[in-house]
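**Q** Sharing a structure here in structure tokens format.
The values are calculated or read from the model by the stated rules, or taken from the named source; none is laboratory data. Remember, predicted model here, so these are calculated numbers, not experimental data. Glycine gets a Cβ as well: all are built from the backbone with ideal geometry, and neighbour counts include every protein chain shown.
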Amino acid sequence: MSTYKGIKGQLIKQVSSDPTNPQLGEIWYNTTLGVLKGYKTISSAWASGGTSSNGGSSRIGFGIQTAGIAAGGSLNPGNQTSVEEYNGTSWSGKTALPVSRQDGGGAGTTTAGVVWCGEGPGKLNTTQEYDGSSWTTTGAYPITARGVRGSGTQTAAIGDGGDTPAPAASNVSAEYDGSTWTAGNNLPGNRVAAATSGPQTAALATTGKDNTPNPSVSNLNTSYNGTSWTAETVYPLSLRQAVSTGTSSAANLVAGGLGATPFGDAVNKANIWDGSSWAAVADLSSGVTHGNGAGTSTASYINGGAQSAPSSYPGATQEFTNDFNASRTITTS
């Protein structure tokens, strides 16, 4: 029979408190607690969070996992002005948007946010900033469109793509400085509702619908360095209306979305981009398309959207935690 000493070449050490800097795979006996413990990798997972009052579809999301905003959206019989804030546990109502809108771009924090474009009804080019309690209209976006996406901060945001009134998918991108938008270099391809995250100088725009009105979905993946867009390794799936969260163009989570079938089931797959390749992480508890989200590639949430397009719009929130290392009590189960 194998023993720990026979395998590792040493006995299990006894300590009165857990080591401050354990090595992965290390095991010890905590004499104070009277338990056997080890340092291991905890796999990525999704967990249920708070339910928003206005589930809706195509709400505009920004912020972090413990402080996020969901604004506007579509909930039969029409578009919404409602705004809710998430504190990592529950949702609460905030000051409504000055104009109803869905399927637009958003960036920033719960006290310094910005939304632009969308449909309300009619496609929009308007921009509104949020200070945590009120909304103020600022400079217009360069094109009038829905399905424009983006990320960044209230004073340094990037917008990309969109479905113009023609209708036609756009390859326009633009930078926001806190008051006005300036047209930037074009995307490598026309995109609608690309999953976008990261700061203005290091953003990533992934997937989307690549032509309209026909729902042809894309697996295109492009990074932005503050000046130009570069094609990167494609996403594992072709889809649209996914959610992306991240803090740079080399640390992004992309989850959910809708595949090639126009009104099929929502996707439950999630993948993380590390700057060169994609790695699958835990599946969503249930597929989501047209959802909103906020956070980083390691700690984020997806809220609302449709679980089975186009009829079911729950306000459920799913929270994501990526792989991490931690000390755990060793049991026989």
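**Q** Of all residues in segment 90-101, which are within 18 Å of residue 137 (Cα to Cα) and part of a loop (DSSP other than H, G, I, E, B)?
**A** Answer for segment 90-101, where residues must be within 18 Å of residue 137 (Cα to Cα) and part of a loop (DSSP other than H, G, I, E, B): 95, 96, 97, 98, 99, 100, 101.
**Q** Which pairs have Cβ atoms under 7 Å, sit 6 or more apart or on different chains, and link a residue in segment 290-306 that is in the same structural domain as residue 270 (by TED's automatic domain parsing) and part of a strand (DSSP E or B) to one that is among the charged types (D, E, K, R) and buried (at least 24 other Cβ atoms within 10 Å of the Cβ)?
**A** Listed pairs, sorted by first residue: 292/59.
**Q** Give the residues of segment 218-231 that are under 19 Å from the mean Cα position of the chain (by Cα) and either assigned to a loop (DSSP other than H, G, I, E, B) or of a type in the set (A, V, I, L, M, F, W, C) (or both), sorted by residue number.
**A** Within segment 218-231, 220 is the sole residue that qualifies.
**Q** Another question, if that's okay. Would you pick out the residues in segment 267-289 that are crowded, with 17+ Cβ neighbours inside 10 Å, closer than 26 Å to residue 199 by Cβ and without any contact (Cβ under 8 Å) to a residue 40 or more places away in the chain?
**A** If the condition is that a residue be crowded, with 17+ Cβ neighbours inside 10 Å, closer than 26 Å to residue 199 by Cβ and without any contact (Cβ under 8 Å) to a residue 40 or more places away in the chain, then 269, 271 are the ones that fit.
**Q** Is there any pair with a first residue in segment 162-190 that is under 16 Å from residue 203 (Cα atoms) and a second that is crowded, with 17+ Cβ neighbours inside 10 Å and among the hydroxyl-bearing types (Ser, Thr, Tyr) whose Cβ atoms are under 6 Å apart and which are 6 or more apart or on different chains, and what are they?
**A** These pairs meet every condition: 184/173; 187/173; 188/222.
**Q** Further question: Please work out which residue is surrounded by the fewest Cβ atoms within 10 Å (Cβ to Cβ), limiting yourself to segment 105-126 and to residues that are of a type outside the set (A, V, I, L, M, F, W, C) and touching a Phe, Trp or Tyr at 6+ places or on another chain (Cβ under 6 Å). Please lay out each step first, then the result.
**A** Filtering segment 105-126 down to residues of a type outside the set (A, V, I, L, M, F, W, C) leaves 105-106, 108-111, 113, 118-123, 125-126.
The next check asks that each one be touching a Phe, Trp or Tyr at 6+ places or on another chain (Cβ under 6 Å); those that pass are 105-106, 108, 113, 125.
Details: 105: 30, 106: 30, 108: 21, 113: 26, 125: 17.
Step by step, filter segment 105-126, then rank; the result is 125.
**Q** Another question, then. If you take just the strands (runs of 3 or more DSSP E) that sit entirely in segment 27-72, which of them hold at least 2 residues that are touching a residue at least 60 places away in the same chain (Cβ under 8 Å), hydrophobic (A, V, I, L, M, F, W, C) and under 17 Å from residue 297 (Cα atoms)?
**A** In segment 27-72, 45-48, 60-64 are the strands (runs of 3 or more DSSP E) which contain 2 or more residues that are touching a residue at least 60 places away in the same chain (Cβ under 8 Å), hydrophobic (A, V, I, L, M, F, W, C) and under 17 Å from residue 297 (Cα atoms).
**Q** Since residue 156 meets every condition but one in (1) small (Gly, Ala, Ser); (2) under 21 Å from residue 122 (Cα atoms); (3) modelled with pLDDT of 95 or more, which condition does it not meet?
**A** With respect to (1) small (Gly, Ala, Ser); (2) under 21 Å from residue 122 (Cα atoms); (3) modelled with pLDDT of 95 or more, residue 156 is out only on (2).
**Q** Looking only at segment 218-238, filter to residues that are closer than 17 Å to residue 280 by Cβ and of a type in the set (A, V, I, L, M, F, W, C); which one of those is surrounded by the fewest Cβ atoms within 10 Å (Cβ to Cβ)?
**A** 234
**Q** Test residue 89 against the criterion of being among the hydroxyl-bearing types (Ser, Thr, Tyr), within 19 Å of residue 153 (Cβ to Cβ), in the same structural domain as residue 302 (by TED's automatic domain parsing) and surrounded by fewer than 24 Cβ atoms within 10 Å (Cβ to Cβ), and give yes or no. Spell out how you get there, then give the answer.
**A** Details: among the hydroxyl-bearing types (Ser, Thr, Tyr): yes; within 19 Å of residue 153 (Cβ to Cβ): no; in the same structural domain as residue 302 (by TED's automatic domain parsing): yes; surrounded by fewer than 24 Cβ atoms within 10 Å (Cβ to Cβ): yes.
So residue 89 does not fit the description; no.
**Q** Of everything in segment 73-89, what is assigned to a loop (DSSP other than H, G, I, E, B), within 14 Å of residue 55 (Cβ to Cβ) and in contact with a Ser or Thr (Cβ under 7 Å, 6 or more places away or on another chain)? Give them in sequence order.
**A** 73, 80
**Q** Scan segment 115-134 for residues that are in a strand (DSSP E or B) and either under 16 Å from the mean Cα position of the chain (by Cα) or among the acidic types (Asp, Glu) (or both) and jot them down.
**A** Scanning segment 115-134 gives 115, 119, 129.
**Q** Counting just the residues of segment 186-217 that are part of a strand (DSSP E or B) and over 18 Å from the mean Cα position of the chain (by Cα), which one comes out surrounded by the fewest Cβ atoms within 10 Å (Cβ to Cβ)?
**A** So the residue we want is 216.
**Q** Out of segment 239-266, which residues are surrounded by fewer than 22 Cβ atoms within 10 Å (Cβ to Cβ) and farther than 21 Å from residue 87 by Cα?
**A** Result: 248, 250, 251, 259, 260, 261, 262, 263, 264, 265.
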